[in-house]
Structures are given as structure tokens and as C-alpha cells.
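Derivation of every value follows stated rules applied to the coordinates shown; laboratory data play no part. Since this is a predicted model, take the numbers as computed values, not measurements. Glycine gets a Cβ as well: all are built from the backbone with ideal geometry, and neighbour counts include every protein chain shown.
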Amino acid sequence: MMEAFLPESTRPLDGTMGAKSKYVIVQLASVITGATRVWLRERAADKTARILFDPALGRECLFEEVKRIKGKTDLSKHVKKMYGIEN
């Protein structure tokens, strides 16, 4: 019933809604300096926390997921190739 509220240009031609991506892009932030990184993870996985190099600090520290950015269907071909994601 939600389709009735979508503009014509965003409705699928076959009347169904699109499938969700298996992957999402998330933003990780340093717990010390707040510096950010972009990371790719599976949609069903738990929130991500990684030990990564923090350029503001000059050494490795903990980065935790702070924001979900977008799904795989929104990714460019370049990013899909960089992370080895199939279409």
C-alpha cells in the first residue's frame, strides 16, 4: 500500500518493491579523536568495531560504527570493484 504515496518516477514498473542489498556502507569513527572512515559490511551483521590507523592520533585505535550510509545497490562500479562485490 506504500506504493500509492511514491511519485511515479520512483515506482517499479512491475508493481513490486526492490530487493534489499546484502551489503551496507557504514561510517566508523575513532573513539579518541572522532576521525572517520568508511567501511563495508553485510546487512545482517552486528555493528562493526575495528582497530584502524587514526591519522589525527598517528597510531592505531578503536573505530566504532556510528552511522549507516547506504546499500550496495547505490554503490558505483568503482566502489564495487574496489571491495570485490558482485552485481
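Observations on the model:
- Spin-label model distance (nm) - K47 vs H78, 7 Å beyond Cα toward Cβ: 3.1 nm
- Summarising the amide proton neighbourhood of R68: residues at separation of 5 or more, or on other chains, whose placed amide H is nearer than 5 Å comprise Q27.
- Rough spin-label spacing in nm, given labels placed 7 Å along Cα→Cβ, for R37 and L62: 1.5 nm
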